[in-house]
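Notes to accompany the following structure.
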Amino acid sequence: MEKIASIDIGSNTVRLLILEILENKSFKLLVSKRNITRLGENMDSEGKLIEKRITSTLKVLAEFQKTCMENGNPPLFAVATSAVREASNGQEFVRLAKKETGIDIKIISWEEEARLTLEGVFWKTSNENRKIITFDIGGGSTEFILSKGKNISDACSTSLGVVRLTEKFITKHPIDDKEFKELQNYLKEELLAVKKQLSAFSPEILIGTAGTVTTLAAIKENIYPYDAEKIHGSIFSFQNAESILQNLKEKSLGERLQIKPLEPGREDLIIAGIAIVLETMRIFDCKILQVSEYSLREGIILNAINKN
């Protein structure tokens, strides 16, 4: 029996997945870890990865490499997305990671990121050839994919990442109404442009993946400790998300951390994340959102297996 691993190096979170491939071609989960390093911090102002975030990310990668070694050193496929893709020192980061951790990192385009994300989403999500908008909210970008089942009709990438938007619009906690209104207006304009591009047909269902939507699901159902099986496939309404947002807006950062399902490191970013969710639901006229626990790191593994 074989094992295989993937690492997704995002603008906010680094994720590790190790699976065992069973004889019936199904998978057994061996390891699932994630660590918030906020690698994409200050990308808009600096244009490069900053030293302290590089250091913390390399530390996590070294820990993940150790975990892989403890699990039989399986083939490891690591990719980097928005932050490393855009940074002037992105290639330097890749070289440094190889030198210090031994991990080979591939910087992937947003198009490949969207394709692999969709592959991961549909690994354990029934699609039945429905008309779907899938969106993946990251720290530096959000990808939107229009598809009929697994068949992609069109896709686009935006700079609507939670780290980027928080740095641009949100300076006060509890939230300042004027700042939040400016964020909403900006999102509305950007997402109307997304809808115009993804206009081949109207979606029947909205599927969201990554930390913001899984956190929303966990808060809604008060799921703590985090339980991927309970999160995956869960749904929440526009009203659910709006209610959670209103509650969080009124809290300080410290007060938000008292909410156990809210992962430390997301307490400031969650506001921009929920704003993206709500505006996406509004613009695409989908009042129910289905949550996918699976996304890019699963897609990376499935793609590697299919190639071999």
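The values are calculated or read from the model by the stated rules, or taken from the named source; none is laboratory data. All values derive from a computational prediction rather than experimental measurement. Positions of Cβ are generated from backbone atoms using ideal geometry, with glycine treated the same way; all protein chains shown enter the neighbour counts. In case anyone asks, the SASA skips ligands and DNA or RNA and just uses the protein heavy atoms, side chains included. Shrake-Rupley method; radii C 1.70, N 1.55, O 1.52, S 1.80 Å.
Check 14, 84 and return the single one that is within 20 Å of residue 269 (Cα to Cα), touching a Gly at 6+ places or on another chain (Cβ under 7 Å) and either hydrophobic (A, V, I, L, M, F, W, C) or open to solvent by 70 Å² or more (accessible area, probe 1.4 Å) (or both). Let's see the steps before the verdict.
Numbers: 14 fails: touching a Gly at 6+ places or on another chain (Cβ under 7 Å).
Of 14, 84, the one residue that is within 20 Å of residue 269 (Cα to Cα), touching a Gly at 6+ places or on another chain (Cβ under 7 Å) and either hydrophobic (A, V, I, L, M, F, W, C) or open to solvent by 70 Å² or more (accessible area, probe 1.4 Å) (or both) is 84.
Report those helices (runs of 4 or more DSSP H) wholly inside segment 130-224 carrying at least 3 residues which are modelled with pLDDT of 95 or more.
Correct list: 162-169, 177-197.
Could you please let me know if residue 263 is assigned to a loop (DSSP other than H, G, I, E, B), surrounded by fewer than 21 Cβ atoms within 10 Å (Cβ to Cβ) and in contact with a Ser or Thr (Cβ under 8 Å, 6 or more places away or on another chain)?
yes
Report the residue count in segment 125-149 for those that are of a type in the set (Lys, Arg) and either surrounded by 18 or more Cβ atoms within 10 Å (Cβ to Cβ) or in contact with an Asp or Glu (Cβ under 8 Å, 6 or more places away or on another chain) (or both).
Within segment 125-149, the first condition is being of a type in the set (Lys, Arg), and the residues that meet it are 130-131, 148.
Now narrow it down to the ones that are either surrounded by 18 or more Cβ atoms within 10 Å (Cβ to Cβ) or in contact with an Asp or Glu (Cβ under 8 Å, 6 or more places away or on another chain) (or both): 130-131.
Here the count works out to 2.
Step by step: first the residues of segment 235-244, then only those that are of a type outside the set (A, V, I, L, M) and either farther than 22 Å from residue 272 by Cβ or part of a helix (DSSP H, G or I) (or both), then the one that is most open to solvent (accessible area, probe 1.4 Å). Which residue is that?
239
Within segment 154-165, is there a residue that is touching a residue at least 40 places away in the same chain (Cβ under 8 Å), in contact with a Cys (Cβ under 8 Å, 6 or more places away or on another chain) and under 28 Å from residue 41 (Cα atoms)?
Initial filter on segment 154-165 (touching a residue at least 40 places away in the same chain (Cβ under 8 Å)): 154-157, 160-165.
Cutting the leftovers down to in contact with a Cys (Cβ under 8 Å, 6 or more places away or on another chain) gives us none.
No, the conditions are met nowhere in segment 154-165.
Looking at segment 76-87, is at least one residue modelled with pLDDT of 95 or more, within 24 Å of residue 143 (Cβ to Cβ) and in contact with a Cys (Cβ under 8 Å, 6 or more places away or on another chain)?
For segment 76-87, residues modelled with pLDDT of 95 or more, within 24 Å of residue 143 (Cβ to Cβ) and in contact with a Cys (Cβ under 8 Å, 6 or more places away or on another chain): present.
Limited to segment 153-207, what total is found for residues that are of a type in the set (Ser, Thr, Tyr) and either surrounded by 17 or more Cβ atoms within 10 Å (Cβ to Cβ) or within 24 Å of residue 288 (Cβ to Cβ) (or both)? Break it down stepwise before answering.
Filtering segment 153-207 down to residues of a type in the set (Ser, Thr, Tyr) leaves 153, 157-159, 166, 171, 186, 199, 202.
Of the ones still in play, those that are also either surrounded by 17 or more Cβ atoms within 10 Å (Cβ to Cβ) or within 24 Å of residue 288 (Cβ to Cβ) (or both) are 153, 157-158, 166, 199, 202.
Qualifying residue count for the region: 6.
Hey, any hits in segment 35-42 for a residue that's under 17 Å from the mean Cα position of the chain (by Cα), surrounded by fewer than 20 Cβ atoms within 10 Å (Cβ to Cβ) and either within 24 Å of residue 166 (Cα to Cα) or of a type in the set (Gly, Ala, Ser) (or both)?
yes
For residues that are under 10 Å from residue 89 (Cβ atoms) and among the β-branched types (Val, Ile, Thr), scanning just segment 44-64, find the one that is surrounded by the most Cβ atoms within 10 Å (Cβ to Cβ).
Checking each candidate, the answer is 54.
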